[in-house]
Protein chains: 2
Amino acid sequence: MEFRQLSYFIAVVETGSISAASRRVHVAQPALTRQVRLLEEDLGTRLLERHARGVSLTVAGKALYDEAVQLLDRRTQIRTRLSALGQGLIGKVSLGVTVTHLWVPEVAALLRHYRDRYAKVAFEVFPLLSGPQLERLREGSLDAGILYLDSAEQPGLQTRLLQHDHLMLAVPEASRWATRPLNRLRELNDADFVWGFRSVSPVYYDRVMAHFDRLKFEPRVVQYGADNITILSMVAAGLGIAIVPSASSAHPMPGVCFLHLDELTACDMPLWMAWRSTNDSPALHNLIGLVDEVFR
Amino acid sequence: MEFRQLSYFIAVVETGSISAASRRVHVAQPALTRQVRLLEEDLGTRLLERHARGVSLTVAGKALYDEAVQLLDRRTQIRTRLSALGQGLIGKVSLGVTVTHLWVPEVAALLRHYRDRYAKVAFEVFPLLSGPQLERLREGSLDAGILYLDSAEQPGLQTRLLQHDHLMLAVPEASRWATRPLNRLRELNDADFVWGFRSVSPVYYDRVMAHFDRLKFEPRVVQYGADNITILSMVAAGLGIAIVPSASSAHPMPGVCFLHLDELTACDMPLWMAWRSTNDSPALHNLIGLVDEVFR
DNA sequence: TGCTGACATGCCGTACTGATATGGCTAGAG
DNA sequence: CTCTAGCCATATCAGTACGGCATGTCAGCA
């Protein structure tokens, strides 16, 4: 039982004769006669009753016709499905993003464009910090991540630079910091700092602390928050000031003022997209391709 | 996309390497390499990632594997289904039987044996008189019938003799006919007869009337019944006596006495099985085959 | 650095498939 | 009743596809 034999057989059934079928499938009549006979021998059952004028179906032939139509339909379905999969038009992609960067216009545009262009792809966005993203990328439960890295070289991963973040100062609108001009970091020696947990986001904090070490500046921390939103909320409440990635300023926060400081701007915080080198998912690579359009 | 390629591909996936698969399917490794490549070219998608140690699946490959397994399963299902159909182990058979003959032990045995031996065949028995059976056989809505025929030669039909019925006299148990010895038909000249409608069962009544014409006997009909059961019920009620096929006596009827008369026994009523000559249903032919066992 | 195991490539013989020519059969027209 | 057209079957030949063998290439491992 071969696909060719089945499609020949279908043509014979639908045209009512082998000769008519031969015209339809553009194959000589003896070839069809033989293929039908081979099919019958293979199945061990007569499929057609031969008459002087065309053929008629046996019981088995009727049953095979229905099945054959389904089988061939199924084959073309698989074809189109695989083709769509190969072009990344269907399938699944999971992407990790830090909540902070969901507010960055380019990141938002990337997600939106991908959803629009590849509407049939199951596109899942997971709000995760850099550390958990890395873990999940390595274990394969995440296809791609938008995250901070300590280096562009990550074993088993491929990376692409999205943009350069830096550091900014977030101060309560009502505080003296918001109005008084500020130039050097050491002017903040006696300021109260709201800080995050290194354990939650080691990649980010290691980088920040290394920068501060170089500047010989040590913030006086009076309060800790689990994530950027919490920290900024504390700043808005007047509990202190905070160091935040510049991406945070993309999200206006009532009661919070974002300030530039040369010494903070100098701290380069590259934002990367990363994915498993062995991940060949076309849907993923379409996402990566979109990055080139959005992040020029 | 051919079945062979799919089964090769499945072997490759399940063994994890082309070489291992070649040992499993007993085909040289280069042949597998080529068939997989042809499959990939045909589908326009890479299915395997080749490594120094075996191969791994791409996204498309994983999808194809699942589909291919289903497709091949489907093929073997079709095989077994067609084989069963060809042997008449599954399928449908419809059989017409006159209600009267359902009581005949051999007919009952035929139905019972067929149901037992071919339990998976949808076997439908339609209680029909000879006339309607003939119609339905000709129009194809009935596969076979157990019926009276005016001739063994029926255009488009094949026939097989089952048994010879004849005529009997049915009289009320309480009547004088039941006790007084009876020899000749003419003794019934003044008897009240319960009769059937020729229009309902022309085959039967034409035969009966032809016989009576030869005997120059004309029954005095006082009552009509639509079928044998009704007629026999009328006899039991004392409304008159009736001529019935001998098969009726297989069904004991309270209040009715069946009598033999040489002149009635002489009326040969052959019972036939008939089916369309063009009907090739193996299930039907199994039924016909059983007839040889039951009606020796 | 050599070895082993795995995939790729080239070549050849065989089997399969299709085209052409031809014959037999049957239904329908004259 | 005969004749013919149309259809299926068979035989033969050519082209193609498939599998086997020998060999090449590459990556991982000791």
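The values are calculated or read from the model by the stated rules, or taken from the named source; none is laboratory data. Note that this is a predicted model, so its numbers are computed, not measured. Note that each Cβ is placed from the backbone with ideal geometry, even for glycine, and that neighbours are counted across all protein chains shown. Areas reflect the complete protein model, heavy atoms only, side chains present, ligands, DNA and RNA absent. Shrake-Rupley method; radii C 1.70, N 1.55, O 1.52, S 1.80 Å.
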>> If the requirement is being open to solvent by 20 Å² or more (accessible area, probe 1.4 Å) and either in contact (Cβ under 8 Å) with a residue 24 or more places away in the chain or of a type in the set (A, V, I, L, M, F, W, C) (or both), which of these qualifies: B:G44, B:G61, B:G86?
In response: B:G86
> For region A:82-104, how many residues are more than 24 Å from A:M269 (Cα to Cα) and of a type in the set (V, I, T)?
Replying inline: 2
> How many residues are in contact with a helix residue (DSSP H, G or I) (Cβ under 7 Å, 6 or more places away or on another chain), within 27 Å of B:G86 (Cβ to Cβ) and aliphatic (A, V, I, L, M) if we restrict to region B:241-290?
Replying inline: 4
>> Going by what's in this entry, would A:H26 be described as more than 13 Å from DNA strand D (Cβ to nearest atom), out of contact with any helix residue (DSSP H, G or I) (no Cβ under 7 Å at 6 or more places or on another chain) and farther than 23 Å from B:I78 by Cα?
In response: yes
> From the list B:T98, B:T76, which residue is of a type in the set (S, T, Y) and in contact (Cβ under 8 Å) with a residue 24 or more places away in the chain?
Replying inline: B:T98
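Please find, within region B:14-23, the residue that is surrounded by the fewest Cβ atoms within 10 Å (Cβ to Cβ) out of those that are part of a helix (DSSP H, G or I) and within 11 Å of DNA strand C (Cβ to nearest atom).
So, considering only residues that are part of a helix (DSSP H, G or I) and within 11 Å of DNA strand C (Cβ to nearest atom), the one surrounded by the fewest Cβ atoms within 10 Å (Cβ to Cβ) is B:R23.
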> Based on what the data block shows, is A:Q154 loosely packed, with under 14 Cβ neighbours inside 10 Å and not in a strand (DSSP E or B)?
Replying inline: no
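Which of the residues spanning region A:24-46 are more than 8 Å from DNA strand C (Cβ to nearest atom) and within 24 Å of B:R4 (Cβ to Cβ)?
Hits for region A:24-46 are A:V25, A:T33, A:V36, A:R37, A:L39, A:E40, A:E41, A:D42, A:L43, A:G44, A:T45.
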>> Going residue by residue through region A:276-288, is there one that turns out to be under 27 Å from A:P132 (Cα atoms) and more than 14 Å from every other protein chain (Cβ to nearest Cβ)?
In response: yes
>> Quick check on my filter: what residues within region A:60-83 are among the aliphatic types (A, V, I, L, M) and under 20 Å from A:E2 (Cα atoms)?
In response: A:A60, A:A63, A:L64, A:A68, A:V69, A:L71, A:L72, A:I78
> So which residues in region A:215-230 are within 37 Å of the chain's Cα centre (by Cα) and without any contact (Cβ under 8 Å) to a residue 60 or more places away in the chain, if there are any at all?
Replying inline: A:Q223, A:Y224, A:G225, A:A226, A:T230
>> With the condition being away from chain B (no Cβ under 13 Å), I'd like the strands (runs of 3 or more DSSP E) fully within region A:24-107 carrying at least 1 qualifying residues.
In response: A:91-97
> Which residues, taken from region B:108-131, are open to solvent by less than 30 Å² (accessible area, probe 1.4 Å), assigned to a helix (DSSP H, G or I) and not small (G, A, S)?
Replying inline: B:L110, B:L111, B:Y114
> When region A:159-176 is examined, which residues are found to be open to solvent by 20 Å² or more (accessible area, probe 1.4 Å) and modelled with pLDDT of 90 or more?
Replying inline: A:T159, A:R160, A:L161, A:Q163, A:H164, A:H166, A:E173
> With respect to the numbered conditions (1) over 15 Å from A:S7 (Cα atoms); (2) open to solvent by less than 30 Å² (accessible area, probe 1.4 Å); (3) more than 8 Å from DNA strand D (Cβ to nearest atom); (4) not β-branched (V, I, T), which one is the sole condition not fulfilled by A:E49?
Replying inline: (2)
>> Every residue in region B:1-28 that is β-branched (V, I, T) and over 17 Å from B:L47 (Cα atoms), please.
In response: B:V25, B:V27
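Quickly run through region B:1-13 and pick out the residues that are more than 10 Å from DNA strand D (Cβ to nearest atom) and not in a loop (DSSP other than H, G, I, E, B). Walk me through how you get there before you give the answer.
Narrowing region B:1-13 to residues more than 10 Å from DNA strand D (Cβ to nearest atom): B:1, B:3, B:6, B:9-13.
Of everything in region B:1-13, those that are more than 10 Å from DNA strand D (Cβ to nearest atom) and not in a loop (DSSP other than H, G, I, E, B) turn out to be B:F3, B:L6, B:F9, B:I10, B:A11, B:V12, B:V13.
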> Based on what the data block shows, is B:L82 within 30 Å of A:A60 (Cα to Cα), outside the structural domain of B:I229 (by TED's automatic domain parsing), touching a Phe, Trp or Tyr at 6+ places or on another chain (Cβ under 9 Å) and among the aliphatic types (A, V, I, L, M)?
Replying inline: no
>> Going through A:R53, A:R34 one at a time, which residue ends up being over 44 Å from the mean Cα position of the chain (by Cα), more than 23 Å from B:I78 (Cα to Cα) and free of Cβ contacts under 8 Å to residues at least 60 places away in the same chain?
In response: A:R53
